[in-house]
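The structure appears below as C-alpha coordinates.
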Amino acid sequence: MAFRRFAHQNYAASPTASPSNPSTPRTRPPVLTAYRSPASTSSISASVPFDWDAARSRKPPPYSTPLQNRTRKSFGTAKSGQTRKGVVRKKSLMERITSIPSAVAFQIALFPHNLPLPSPKASARIIGTIMHFLHFCIRVTQIRGVPDSDLGWEDMYREGDNSSWLDWTMPVSTFLFIAAFSNAVYLFSRIRTYHLHHQPEPLSSPNAKFVSTKLDLESEVPPSLAKRITLSIWYAFAYFWRFLLGMQPPAPLTSLSGKTTRVQELQVWNPGELELSLFSIYSPVHGFLWMALNSSNWILMTAIMVLIWFQLNTMTRAFTLLVKDREHIAAEVLNEYNQGFVYPRLYPVRKDAAVMTHQSEMIDLWED
(Lines give C-alpha, C1' and ligand atoms only; values in the text may rest on other atoms or scores of the structure.)
Protein backbone atom coordinates (compact mmCIF):
# COMPACT_ATOMS: atom_id res chain seq x y z
CA MET A 1 0.00 0.00 0.00
CA ALA A 2 2.83 2.41 0.74
CA PHE A 3 4.36 1.84 -2.71
CA ARG A 4 1.06 2.45 -4.45
CA ARG A 5 0.47 5.71 -2.52
CA PHE A 6 3.99 6.88 -3.36
CA ALA A 7 3.40 6.15 -7.08
CA HIS A 8 0.10 8.06 -7.11
CA GLN A 9 1.68 11.13 -5.49
CA ASN A 10 4.53 11.18 -8.02
CA TYR A 11 2.13 10.86 -10.93
CA ALA A 12 -0.06 13.69 -9.65
CA ALA A 13 2.97 15.99 -9.29
CA SER A 14 4.08 15.40 -12.90
CA PRO A 15 2.98 18.12 -15.49
CA THR A 16 1.66 15.55 -17.99
CA ALA A 17 -0.75 14.01 -15.55
CA SER A 18 -4.46 14.19 -16.14
CA PRO A 19 -6.36 14.75 -12.87
CA SER A 20 -9.59 13.42 -14.34
CA ASN A 21 -8.34 9.90 -15.36
CA PRO A 22 -5.16 8.84 -13.58
CA SER A 23 -3.54 5.54 -14.68
CA THR A 24 -0.51 3.59 -13.60
CA PRO A 25 1.87 2.70 -16.45
CA ARG A 26 2.78 -1.00 -16.81
CA THR A 27 6.47 -1.52 -17.38
CA ARG A 28 6.26 -5.35 -17.56
CA PRO A 29 3.64 -7.91 -18.48
CA PRO A 30 1.45 -9.24 -15.66
CA VAL A 31 2.69 -12.28 -13.80
CA LEU A 32 -0.05 -14.88 -14.06
CA THR A 33 1.46 -17.14 -11.43
CA ALA A 34 0.60 -14.63 -8.74
CA TYR A 35 -3.12 -15.27 -9.30
CA ARG A 36 -2.81 -19.07 -9.45
CA SER A 37 -4.54 -21.02 -6.68
CA PRO A 38 -2.30 -23.02 -4.30
CA ALA A 39 -4.64 -25.99 -4.81
CA SER A 40 -3.32 -26.41 -8.36
CA THR A 41 0.30 -26.68 -7.21
CA SER A 42 2.12 -29.36 -5.28
CA SER A 43 1.47 -29.35 -1.57
CA ILE A 44 3.21 -30.86 1.42
CA SER A 45 0.06 -31.06 3.52
CA ALA A 46 -2.56 -32.38 1.09
CA SER A 47 -2.99 -36.17 0.79
CA VAL A 48 -4.70 -37.80 -2.17
CA PRO A 49 -6.54 -41.12 -1.66
CA PHE A 50 -4.80 -44.18 -3.09
CA ASP A 51 -5.93 -45.06 -6.60
CA TRP A 52 -7.11 -48.65 -6.06
CA ASP A 53 -8.63 -48.89 -9.55
CA ALA A 54 -5.26 -48.32 -11.14
CA ALA A 55 -3.62 -50.74 -8.72
CA ARG A 56 -6.14 -53.45 -9.63
CA SER A 57 -5.29 -52.97 -13.34
CA ARG A 58 -8.65 -51.42 -14.15
CA LYS A 59 -6.89 -48.44 -15.68
CA PRO A 60 -3.96 -48.38 -18.08
CA PRO A 61 -0.65 -47.54 -16.40
CA PRO A 62 0.98 -44.20 -17.11
CA TYR A 63 3.99 -46.00 -18.55
CA SER A 64 4.46 -48.93 -20.85
CA THR A 65 5.16 -52.36 -19.45
CA PRO A 66 8.62 -53.70 -20.37
CA LEU A 67 8.71 -56.77 -22.54
CA GLN A 68 9.24 -60.03 -20.73
CA ASN A 69 11.63 -62.85 -21.62
CA ARG A 70 13.70 -60.65 -23.89
CA THR A 71 17.11 -62.02 -24.68
CA ARG A 72 20.00 -59.73 -24.06
CA LYS A 73 21.78 -58.63 -27.19
CA SER A 74 25.52 -58.56 -27.29
CA PHE A 75 27.22 -55.22 -27.25
CA GLY A 76 29.96 -55.29 -29.84
CA THR A 77 31.10 -58.82 -29.04
CA ALA A 78 29.09 -60.71 -31.67
CA LYS A 79 27.29 -60.11 -34.89
CA SER A 80 23.87 -58.53 -35.03
CA GLY A 81 21.03 -60.93 -34.41
CA GLN A 82 23.14 -63.27 -32.27
CA THR A 83 22.91 -63.66 -28.50
CA ARG A 84 25.93 -63.45 -26.30
CA LYS A 85 26.82 -66.67 -24.48
CA GLY A 86 28.01 -66.19 -20.94
CA VAL A 87 31.14 -67.96 -19.78
CA VAL A 88 30.88 -69.76 -16.41
CA ARG A 89 34.15 -70.49 -14.69
CA LYS A 90 34.27 -73.99 -13.27
CA LYS A 91 36.38 -75.01 -10.32
CA SER A 92 39.34 -77.19 -11.01
CA LEU A 93 39.82 -80.60 -9.45
CA MET A 94 42.44 -79.27 -7.05
CA GLU A 95 40.17 -76.47 -5.85
CA ARG A 96 37.31 -78.91 -5.22
CA ILE A 97 39.59 -81.22 -3.25
CA THR A 98 40.99 -78.42 -1.09
CA SER A 99 37.44 -77.11 -0.34
CA ILE A 100 36.28 -80.46 1.12
CA PRO A 101 37.54 -79.79 4.72
CA SER A 102 35.83 -76.40 4.88
CA ALA A 103 32.57 -77.89 3.58
CA VAL A 104 32.73 -80.67 6.18
CA ALA A 105 33.42 -78.16 8.95
CA PHE A 106 30.49 -76.04 7.78
CA GLN A 107 28.12 -79.02 7.87
CA ILE A 108 29.36 -79.98 11.35
CA ALA A 109 28.70 -76.44 12.55
CA LEU A 110 25.12 -76.67 11.28
CA PHE A 111 24.49 -80.03 12.99
CA PRO A 112 21.76 -81.04 13.93
CA HIS A 113 19.81 -78.32 12.10
CA ASN A 114 20.92 -79.65 8.71
CA LEU A 115 19.41 -83.10 9.28
CA PRO A 116 16.17 -83.79 7.35
CA LEU A 117 14.18 -84.58 10.50
CA PRO A 118 10.41 -85.27 10.31
CA SER A 119 7.82 -82.98 11.83
CA PRO A 120 7.41 -82.92 15.64
CA LYS A 121 4.14 -84.87 15.49
CA ALA A 122 5.64 -87.53 13.22
CA SER A 123 8.71 -87.80 15.47
CA ALA A 124 6.49 -88.21 18.54
CA ARG A 125 4.51 -90.97 16.82
CA ILE A 126 7.69 -92.82 15.84
CA ILE A 127 9.21 -92.56 19.34
CA GLY A 128 5.95 -93.52 21.06
CA THR A 129 5.44 -96.53 18.79
CA ILE A 130 8.99 -97.75 19.50
CA MET A 131 8.45 -97.38 23.26
CA HIS A 132 5.16 -99.29 23.12
CA PHE A 133 6.80 -102.04 21.05
CA LEU A 134 9.67 -102.39 23.55
CA HIS A 135 7.26 -102.62 26.46
CA PHE A 136 5.22 -105.21 24.56
CA CYS A 137 8.35 -107.33 24.00
CA ILE A 138 9.21 -107.02 27.70
CA ARG A 139 5.81 -108.22 28.81
CA VAL A 140 5.78 -111.09 26.33
CA THR A 141 9.19 -112.24 27.59
CA GLN A 142 8.09 -112.01 31.23
CA ILE A 143 4.77 -113.80 30.67
CA ARG A 144 6.37 -116.65 28.72
CA GLY A 145 8.48 -117.57 31.75
CA VAL A 146 5.41 -118.03 33.93
CA PRO A 147 3.26 -121.21 33.85
CA ASP A 148 -0.40 -120.87 32.99
CA SER A 149 -1.45 -121.83 36.50
CA ASP A 150 0.60 -119.01 38.02
CA LEU A 151 -0.62 -116.14 35.81
CA GLY A 152 -1.05 -113.08 37.92
CA TRP A 153 1.57 -114.30 40.41
CA GLU A 154 4.56 -114.04 38.11
CA ASP A 155 6.52 -111.98 40.60
CA MET A 156 6.25 -114.67 43.27
CA TYR A 157 7.08 -117.33 40.68
CA ARG A 158 10.24 -115.51 39.67
CA GLU A 159 11.36 -115.39 43.28
CA GLY A 160 10.64 -119.11 43.77
CA ASP A 161 12.29 -120.07 40.51
CA ASN A 162 15.59 -118.50 41.60
CA SER A 163 15.65 -116.39 38.44
CA SER A 164 17.59 -113.16 38.52
CA TRP A 165 15.84 -109.81 38.41
CA LEU A 166 18.73 -108.24 36.53
CA ASP A 167 17.91 -109.56 33.09
CA TRP A 168 17.53 -107.41 30.00
CA THR A 169 13.88 -106.61 30.77
CA MET A 170 14.61 -104.80 34.03
CA PRO A 171 16.96 -102.06 32.68
CA VAL A 172 14.80 -101.56 29.58
CA SER A 173 11.66 -101.18 31.71
CA THR A 174 13.48 -98.73 33.97
CA PHE A 175 14.68 -96.77 30.96
CA LEU A 176 11.13 -96.55 29.55
CA PHE A 177 9.73 -95.33 32.88
CA ILE A 178 12.50 -92.76 33.26
CA ALA A 179 11.94 -91.55 29.68
CA ALA A 180 8.18 -91.21 30.22
CA PHE A 181 8.59 -89.33 33.53
CA SER A 182 11.34 -87.10 32.11
CA ASN A 183 9.17 -86.15 29.16
CA ALA A 184 6.26 -85.33 31.49
CA VAL A 185 8.46 -83.21 33.79
CA TYR A 186 10.06 -81.39 30.86
CA LEU A 187 6.66 -80.78 29.27
CA PHE A 188 5.08 -79.19 32.34
CA SER A 189 8.22 -77.25 33.35
CA ARG A 190 8.64 -75.30 30.12
CA ILE A 191 7.72 -71.70 30.88
CA ARG A 192 8.20 -68.27 29.34
CA THR A 193 8.66 -65.25 31.59
CA TYR A 194 7.03 -61.87 30.89
CA HIS A 195 7.61 -58.63 32.80
CA LEU A 196 4.61 -56.27 32.90
CA HIS A 197 6.19 -52.86 33.51
CA HIS A 198 2.95 -50.86 33.08
CA GLN A 199 0.59 -53.04 35.14
CA PRO A 200 0.46 -51.83 38.77
CA GLU A 201 -2.59 -53.91 39.66
CA PRO A 202 -2.03 -57.60 40.48
CA LEU A 203 -3.34 -60.05 37.92
CA SER A 204 -5.84 -62.73 38.86
CA SER A 205 -3.43 -65.55 38.03
CA PRO A 206 -1.45 -67.91 40.29
CA ASN A 207 1.54 -67.49 37.95
CA ALA A 208 1.76 -63.71 38.47
CA LYS A 209 3.87 -62.15 41.19
CA PHE A 210 5.79 -58.96 41.92
CA VAL A 211 9.57 -59.20 41.66
CA SER A 212 12.55 -56.85 41.58
CA THR A 213 14.33 -56.80 38.27
CA LYS A 214 16.78 -54.73 36.27
CA LEU A 215 15.66 -52.13 33.78
CA ASP A 216 17.01 -53.60 30.56
CA LEU A 217 15.55 -54.52 27.21
CA GLU A 218 17.09 -57.98 27.00
CA SER A 219 14.83 -61.01 27.02
CA GLU A 220 14.39 -62.63 30.40
CA VAL A 221 15.95 -66.08 30.64
CA PRO A 222 13.91 -68.39 32.90
CA PRO A 223 15.81 -70.22 35.65
CA SER A 224 16.85 -73.81 35.12
CA LEU A 225 14.71 -76.72 36.26
CA ALA A 226 17.17 -77.80 38.98
CA LYS A 227 17.32 -74.27 40.39
CA ARG A 228 13.54 -73.97 40.44
CA ILE A 229 13.17 -77.35 42.22
CA THR A 230 15.82 -76.39 44.80
CA LEU A 231 14.18 -73.02 45.49
CA SER A 232 10.75 -74.63 45.77
CA ILE A 233 11.99 -77.24 48.27
CA TRP A 234 13.75 -74.58 50.36
CA TYR A 235 10.70 -72.31 50.28
CA ALA A 236 8.41 -75.21 51.33
CA PHE A 237 10.78 -76.14 54.20
CA ALA A 238 10.96 -72.55 55.47
CA TYR A 239 7.21 -72.09 55.06
CA PHE A 240 6.51 -75.31 57.05
CA TRP A 241 8.63 -74.34 60.03
CA ARG A 242 7.39 -70.75 60.05
CA PHE A 243 3.82 -72.05 60.00
CA LEU A 244 4.52 -74.33 62.98
CA LEU A 245 6.16 -71.49 64.93
CA GLY A 246 3.36 -69.05 64.08
CA MET A 247 5.60 -66.70 62.13
CA GLN A 248 5.03 -64.83 58.89
CA PRO A 249 5.63 -66.77 55.66
CA PRO A 250 9.06 -66.18 54.10
CA ALA A 251 9.42 -63.68 51.31
CA PRO A 252 11.43 -64.58 48.21
CA LEU A 253 14.89 -63.05 48.39
CA THR A 254 16.42 -61.56 45.25
CA SER A 255 19.99 -60.31 45.03
CA LEU A 256 20.21 -57.98 42.07
CA SER A 257 22.87 -55.36 41.45
CA GLY A 258 22.42 -52.09 39.68
CA LYS A 259 19.24 -50.13 39.12
CA THR A 260 16.25 -52.26 40.01
CA THR A 261 12.51 -51.75 40.02
CA ARG A 262 9.47 -53.65 41.26
CA VAL A 263 7.48 -55.07 38.36
CA GLN A 264 4.93 -57.79 37.91
CA GLU A 265 6.20 -61.07 36.51
CA LEU A 266 4.02 -63.57 34.67
CA GLN A 267 5.23 -67.10 33.97
CA VAL A 268 3.34 -68.64 31.06
CA TRP A 269 3.38 -72.33 30.23
CA ASN A 270 5.02 -72.85 26.85
CA PRO A 271 4.71 -76.54 25.85
CA GLY A 272 6.52 -77.99 22.87
CA GLU A 273 4.69 -79.83 20.11
CA LEU A 274 6.99 -82.89 20.26
CA GLU A 275 6.71 -83.32 24.05
CA LEU A 276 2.95 -82.74 24.01
CA SER A 277 2.33 -85.33 21.30
CA LEU A 278 4.66 -87.87 22.96
CA PHE A 279 2.91 -87.36 26.30
CA SER A 280 -0.45 -88.24 24.75
CA ILE A 281 1.00 -91.34 23.01
CA TYR A 282 3.20 -92.74 25.81
CA SER A 283 2.65 -91.22 29.25
CA PRO A 284 3.66 -92.67 32.64
CA VAL A 285 0.12 -94.07 32.93
CA HIS A 286 0.76 -96.22 29.85
CA GLY A 287 3.88 -97.61 31.51
CA PHE A 288 1.93 -98.67 34.62
CA LEU A 289 -0.77 -100.24 32.44
CA TRP A 290 1.88 -102.25 30.61
CA MET A 291 3.13 -103.55 33.95
CA ALA A 292 -0.38 -104.81 34.78
CA LEU A 293 -0.87 -106.52 31.40
CA ASN A 294 -0.94 -110.33 31.21
CA SER A 295 -2.41 -113.03 29.01
CA SER A 296 -5.84 -112.85 30.67
CA ASN A 297 -6.52 -109.09 30.50
CA TRP A 298 -4.52 -107.94 27.48
CA ILE A 299 -7.67 -107.01 25.54
CA LEU A 300 -8.96 -104.81 28.37
CA MET A 301 -5.58 -103.18 28.97
CA THR A 302 -5.09 -102.48 25.26
CA ALA A 303 -8.52 -100.86 25.05
CA ILE A 304 -7.78 -98.74 28.13
CA MET A 305 -4.46 -97.54 26.67
CA VAL A 306 -6.10 -96.68 23.34
CA LEU A 307 -8.87 -94.76 25.12
CA ILE A 308 -6.33 -92.84 27.22
CA TRP A 309 -4.39 -91.91 24.09
CA PHE A 310 -7.58 -90.84 22.28
CA GLN A 311 -8.75 -88.75 25.24
CA LEU A 312 -5.43 -86.96 25.71
CA ASN A 313 -4.98 -86.37 21.98
CA THR A 314 -8.54 -85.04 21.55
CA MET A 315 -8.31 -82.70 24.54
CA THR A 316 -4.89 -81.42 23.48
CA ARG A 317 -6.00 -80.77 19.92
CA ALA A 318 -9.23 -79.07 21.01
CA PHE A 319 -7.46 -76.82 23.50
CA THR A 320 -4.76 -75.90 20.95
CA LEU A 321 -7.43 -74.93 18.42
CA LEU A 322 -9.21 -72.90 21.11
CA VAL A 323 -6.05 -70.90 21.86
CA LYS A 324 -5.45 -70.25 18.14
CA ASP A 325 -9.07 -69.17 17.60
CA ARG A 326 -8.80 -66.73 20.50
CA GLU A 327 -5.64 -65.29 18.97
CA HIS A 328 -7.47 -64.83 15.64
CA ILE A 329 -10.41 -63.14 17.40
CA ALA A 330 -8.11 -60.78 19.32
CA ALA A 331 -6.22 -59.90 16.13
CA GLU A 332 -9.47 -59.23 14.25
CA VAL A 333 -10.78 -57.02 17.08
CA LEU A 334 -7.61 -54.92 16.93
CA ASN A 335 -7.83 -54.78 13.13
CA GLU A 336 -11.43 -53.54 13.22
CA TYR A 337 -10.51 -50.96 15.86
CA ASN A 338 -7.60 -49.70 13.74
CA GLN A 339 -9.63 -49.59 10.53
CA GLY A 340 -12.63 -47.86 12.14
CA PHE A 341 -11.04 -45.51 14.67
CA VAL A 342 -7.24 -45.23 14.54
CA TYR A 343 -6.43 -44.99 10.83
CA PRO A 344 -9.20 -42.48 9.89
CA ARG A 345 -7.86 -40.11 12.56
CA LEU A 346 -4.17 -40.63 11.94
CA TYR A 347 -4.29 -40.45 8.13
CA PRO A 348 -7.26 -38.27 7.10
CA VAL A 349 -7.65 -37.18 3.48
CA ARG A 350 -6.72 -33.48 3.33
CA LYS A 351 -6.85 -30.84 0.62
CA ASP A 352 -5.66 -27.23 0.30
CA ALA A 353 -8.22 -24.41 0.24
CA ALA A 354 -7.06 -20.95 -0.96
CA VAL A 355 -8.80 -17.54 -0.82
CA MET A 356 -7.78 -14.78 -3.19
CA THR A 357 -8.93 -11.15 -3.68
CA HIS A 358 -8.86 -8.64 -6.55
CA GLN A 359 -7.26 -5.22 -6.57
CA SER A 360 -10.65 -3.51 -6.92
CA GLU A 361 -11.77 -5.02 -3.59
CA MET A 362 -8.91 -3.37 -1.71
CA ILE A 363 -9.66 -0.09 0.13
CA ASP A 364 -7.12 2.69 0.36
CA LEU A 365 -7.43 4.60 3.63
CA TRP A 366 -5.47 7.58 2.26
CA GLU A 367 -7.82 8.21 -0.61
CA ASP A 368 -10.80 10.50 -0.23
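The values are calculated or read from the model by the stated rules, or taken from the named source; none is laboratory data. If you're wondering where the values come from, they're calculated on a predicted model, not measured in any experiment. Positions of Cβ are generated from backbone atoms using ideal geometry, with glycine treated the same way; all protein chains shown enter the neighbour counts. Surface accessibility is based on the protein's heavy atoms, side chains included, excluding ligands, DNA and RNA. Shrake-Rupley method; radii C 1.70, N 1.55, O 1.52, S 1.80 Å.
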Exercise. Report, by chain and number, residues whose modeled amide H sits under 5 Å from the one on residue 294, excluding near sequence neighbours (fewer than 5 apart, same chain).
Key: none
Quiz prompt | Cα gyration tensor shape for segment 227-335, rounded if a/c is under 1.5, else prolate or oblate | solution = oblate
Exercise. Subtracting the Cα-Cα distance from 0.36 nm times the residue separation, let me have the gained length for residue 314 to residue 211 in nm, one decimal.
Key: 33.3 nm
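Probe radius 1.4 Å, ligands and nucleic acids ignored: give me the carbon and sulfur share of the accessible area of segment 227-332 as a rounded percent.
70 percent
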Self-check item: Accessible solvent surface per residue of segment 289-336, calculated while the other protein chains remain in place, 1.4 angstrom probe, Å²
Solution: 78 Å²
Quiz prompt | Under 5 Å, built H, 5+ apart or other chain: amide partners of residue 189 | solution = none
Quiz item: Rounded to the nearest 0.05, what FRET efficiency is calculated for residue 103 and residue 179 with R0 set to 22 Å and r the Cβ-Cβ distance?
Solution: 0.05
Practice problem: Kindly write out, for segment 268-284 in residue order, the coupling ³J(HN,Hα) from the Karplus curve 6.51 cos²θ - 1.76 cosθ + 1.60 (θ = phi - 60°), rounded to whole Hz, with x marking Gly and Pro. | Solution: 9, 5, 10, x, x, 5, 5, 5, 5, 5, 5, 5, 6, 7, 9, 9, x
Quiz item: Okay, which of segment 177-214 sit inside 17 Å, backbone N to the point 7 Å along the Cα-Cβ direction of residue 248?
Solution: 210-212
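For segment 232-342, what does the relative contact order come out to in percent, with C-alpha contacts under 8 Å and a separation of six or more?
17 percent
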Exercise. Return the FRET efficiency for the residue pair residue 265, residue 229: r is the Cβ-Cβ distance, R0 is 22 Å, and the value is rounded to the nearest 0.05.
Key: 0.75
Quiz prompt | residue 302/residue 130 FRET efficiency (R0 22 Å; Cβ-Cβ; nearest 0.05) | solution = 0.80
